[in-house]
Amino acid sequence: MLRQLLPRCGRALRAPASRTPYALPTLQRASRWYSIQPEAASVAKPLDIDPTKLSITKTQNPKTPKDPSELVFGREFTDHMLTIEWTKNDGWLTPTIQPYQNLSLDPATCVFHYAFECFEGMKAYRDSKGQIRLFRPDKNMERFNKSAARIALPTFSPTSLIDLIAKFVKLEERFIPDGRGYSLYLRPTLIGTQKTLGIGAPGSALLFVIASPVGPYYPTGFKAVSLEATDYAVRAWPGGVGDKKLGANYAPCIVPQMEAASRGFQQNLWLFGPEEYVTEVGTMNLFVAIRNKETNQKELITAPLDGTILGGITRDSILSLAREKLAPDGWLISERKITMPQLYEASLEGRLIEVFGAGTAAVVSPVRKISWKGKLVDCGLAENEESGEVANKMKTWIEARQYGDEEHEWSHIC
């Protein structure tokens, strides 16, 4: 009966037979069984990720990269994937780069039932000299570890995983098109793989990285979006897990986004609490450029890291650049709360300079209007403008470091 139930999907993701004592030897060549039932914890200290043990098996069927003009975000994938298994007994096992393939998981695997899953979103870029670069991967790894720890999944050495991702990206670099705006989107993912319906810390896990070539977020240039304020649903709250990059945070966001789209808005704006604090736009952080009512000083505001937002790498980069380049010109750079009524008042008084979202995919996404309680709040853009000055500057400054035009510690050469 077990022989009939085992899935036969994809090439084998192999590991030593001792790691899968219950897998049928005759089927190991057909599929790699990831859902395991670990034994009692070992007294030895579990091993960390060891990049020196990397094993590489190249595909026998390499595909031709798609024409860059035809790329759709997240639809095309490269030839290989990076995988690393973890068990409570032994820690991190041998890292492997192998052909992109399906995973074999038992229906009782804990990731399916209790959402033991977290991930990251990052990109690799080709510079003008042909070198491949990662942008602030240390920040991605820091957040990845925080997300993993919050849901009882194993953590790891950030530098070790960065080393492995760099090797993986170098292997797949032919999928990165030349030209500004093109990149290789990377999706590191960590899942609990223990076969059990019992609720507890998983005794086994799988970390894998897949890659998708992507083009410019705005192929025809900046396009400002209009938002609908969402006050009937909450994405994140203090003490919750909205400040971690967990897969479970994303599915509940789709219905409010669909509701906004049904009324002609490109995205929704998350409000929090009876005060209607402005937090995030869709899955991006939000920035507001405003003039102070009393002093007329220009201020760039984004929500604080108080549990109501996810701390984005692009957000952190914009704050750093703003303190470096805008503050000397008199700007006040603030991580503080601002309410929707305050935003509306600033718009009516002509003090709202611009509003934009910030994230890995688009870098910045300018906002034209916000629908709130039957009103359309003007966010400072003229009819013929698609982006404000601050958003334009931030996009230019960040891309200069992503693509190596400006040598900077944020850029990691693979």
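Every number here is computed from the coordinates shown, using simple stated rules; none is lab data. Quick caveat, the model's predicted, so the values are computed rather than measured. For neighbour counting, all protein chains shown are included, and Cβ atoms are generated from backbone atoms with ideal geometry for every residue, glycine included.
Which entries of Lys63/Lys139; Lys123/Lys223; Lys66/Lys245; Lys139/Lys395 have Cα-Cα distances beyond 25 Å here? As for pairs spanning more than 25 Å Cα to Cα, those are Lys63/Lys139; Lys66/Lys245. Our note on the geometry: Cα centres of region 330-406 and region 212-267, 16 Å apart. Determine which residues of region 311-325 fall in the zone a paramagnetic label at Glu409 would reach in this model, i.e. backbone nitrogen under 19 Å from the point 7 Å along Cα→Cβ. What the label zone holds, given the 19 Å backbone N cut-off, is 313-325. Under a 10 Å cutoff between Cα atoms, tell me which one of Val255, Val214, Val169 has the largest fluctuation in the Gaussian network model of the chain. Among Val255, Val214, Val169, the largest mean-square fluctuation in the Gaussian network model of the chain belongs to Val255. Helical content of the chain, expressed as a calculated mean residue ellipticity at 222 nm, amounts to -5500 deg cm²/dmol (DSSP H runs of 4 or more residues, -39,500 (n - 2.57) each, divided by residue number, nearest 500). Here, the chain is characterised by an Rg to Rh ratio of 1.00, where Rg is the alpha-carbon radius of gyration and Rh the Kirkwood radius.
A straight Cα-to-Cα reach below 16 Å connects Lys167 with the aspartates and glutamates Asp50, Asp79, Asp138, residues fewer than 8 places away in its own chain not being considered.
Count the net charge of all other residues whose Cβ sits under 9 Å from the Cβ of Trp92, scoring Lys and Arg as +1 and Asp and Glu as -1.
Numbers: positive: none; negative: Asp48, Asp50, Glu85, Asp90.
Net charge in that neighbourhood comes out at -4.
Largest mean-square fluctuation among Thr396, Thr360, Thr230, in a Gaussian network model of the chain whose springs join Cα atoms under 10 Å apart, belongs to Thr396.
By its C-alpha gyration tensor, with a ≥ b ≥ c as the square roots of the eigenvalues, how is region 208-276 shaped: rounded for a/c under 1.5, else prolate for a/b larger than b/c, else oblate? In terms of gyration-tensor shape, oblate. Neighbour counts of C-beta atoms inside 10 Å place Leu153, Leu190, Leu246 in the sequence Leu246, Leu153, Leu190, starting with the fewest. With a bin width of 5 angstrom, please list the P(r) values of region 56-117 as percents of all Cα-Cα pairs, from the 0 bin to the one holding the largest distance. All Cα pairs, binned at 5 Å, distribute as 4, 12, 16, 18, 20, 14, 10, 5, 1, 0 percent.
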